[in-house]
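Read-outs throughout are calculated quantities, based only on the coordinates presented, and are distinct from any laboratory measurement. The shown structure was predicted, so the numbers you read here are calculated from the model rather than taken from an experiment. Please note: Cβ atoms are built from the backbone with ideal geometry, for glycine as well, and neighbour counts cover all protein chains shown.
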Amino acid sequence: MGNKNLKWVYLIGLSFIWGTSNFLIKKATSVFNGYQVGALIMIFSAFVLLPFGLKSLQQIKKKHFLTLFIIALFSTFIPSFMWTIAIGKIGVSITTILNSLTPLNTLIIGFLLFGVRFTKNHVIGLIIGFIGLSVYFLTGDFYQGSGDYIYSLLVIFSSLGYALNSNLIMNKLTDLSALSITTATFLLTLIPSIIVLYYTDFFSVYNGSTAQLNSLFYILFKGAIGTALAMVMYNQLVKVSSAVFASSVTYLIPVVALIWGFLDGEVVTMWQLISGILILLGVYVSNKLKNKYSDAK
């Protein structure tokens, strides 16, 4: 199959994997709490990646340690718990829509921490995205005083963590492969994740019931397929197409998540859909011109 057709296979495959794995995490949080699910995802991801990425760790030098630690803590460990808790409380549809802010947050963090210059498209995209976010909060739970808005903020904070990850990789870790970065990141979170899992009484409440076994399968899918395999597919997508084309997966993941949410009975209001469309439009406009940050997803 030629690259022209192969890139579409990777794009659609990634959209389905990421959109579906997020939906399965929602199913898992109906049995285990968000802290248990978040810890298990990181543990499974680490064990899946280690056999393939152990050799790549030889690339890592002393100068990389601090950056990798920051990525592991603020872009993987903490966001993993925020993400899973939010999915369990507000659903996969809204969580995925709000996470689409990641490319715009990547631009903001790049500007604040690394002196990245905004282009006209960046500014317009950020304004549109901000309007979309404002529509979401001013017409929903935040305006009405519901506690659910707190979980929406968790998604936005985790999005900032993912955005920090992209900036650090592009500015500090260009001499490392994606496999070595990802393997090191999950290896650094392995022991803390086991500690968190222990203190959530997971080993006391686990009894091997059908519901728990199904949830563990969902979490394993997220760790093995939604993280390890998806990373390889995304890197290959960039190779057979371009970083700009690969970033278009950002627009398809919410579509898959919305379909799963609809089938599962999630209710998405008209204003939430409008806000999601505005956020994605802002991402599209800001990525319209090829630039250093156009491959952030």
key: Dipole magnitude (debye, nearest 20) for region 3-286, charges at Cβ of Lys, Arg, Asp, Glu   = 940
query = GNM on the chain, C-alpha springs below 10 Å: top fluctuator among 191, 25, 17?
reply = 191
request  = With a ≥ b ≥ c taken as the square roots of the eigenvalues of the C-alpha gyration tensor of region 3-286, please select rounded if a/c is under 1.5 and otherwise prolate if a/b is larger than b/c or oblate if it is not?
outcome  = rounded
query = If the chain between residue 150 and residue 255 were fully stretched, how many nm would it gain, using 0.36 nm times the residue separation less the Cα-Cα distance?
reply = 35.4 nm
query = What's the FRET efficiency of residue 121 with residue 52 using the Cβ-Cβ distance as r and R₀ = 45 Å, to the nearest 0.05?
reply = 0.75
ask   = Label residue 177 and residue 236 with points 7 Å out from Cα along Cα→Cβ: what is the distance between them in nm?
value = 1.5
message = Among 171, 99, 22, which one shows the highest mean-square fluctuation when the chain is modelled as a Gaussian network with alpha-carbon springs under 10 Å?
response = 171
request  = Work out the FRET efficiency for residue 288 and residue 131 from their Cβ-Cβ distance, taking R0 = 22 Å, and round it to the nearest 0.05.
outcome  = 0.80
remark   = Contact order relative to length for the chain, counting C-alpha pairs under 8 Å separated by 6 or more residues, stands in percent at 42
remark   = A correct Karplus calculation of ³J(HN,Hα) over region 179-196, with 6.51 cos²θ - 1.76 cosθ + 1.60, θ = phi - 60°, whole Hz and x for Gly and Pro, returns 5, 5, 5, 5, 4, 4, 4, 6, 5, 5, 8, 4, 5, x, 5, 5, 5, 4
Whole-Hz ³J(HN,Hα) from phi, Karplus 6.51 cos²θ - 1.76 cosθ + 1.60, for region 15-20, glycine and proline x = 4, 5, 5, 5, x, 6
query = Quick one: length gained pulling residue 212 to residue 262 fully straight, 0.36 nm per residue minus the C-alpha distance?
reply = 15.6 nm
request  = Pairs of lysines 8 or more apart, or on different chains, with alpha carbons under 13 Å: count those in region 3-286, would you?
outcome  = 9
message = Show me the ranking of peptides 123-131, 152-160 by mean Cβ neighbours inside 10 Å, starting with the highest.
response = 152-160, 123-131
Using a Förster distance of 45 Å, the FRET efficiency for residue 270-residue 199 (Cβ separation, nearest 0.05) = 0.60
ask   = What residue among 62, 26, 222 has the largest mean-square fluctuation in a Gaussian network model of the chain, using Cα springs under 10 Å?
value = 62
note = Going residue by residue through region 275-285, the Karplus relation 6.51 cos²θ - 1.76 cosθ + 1.60 with θ = phi - 60° gives ³J(HN,Hα) values, rounded to whole Hz and with x marking Gly or Pro, of 4, x, 5, 5, 4, 5, 5, x, 4, 4, 5
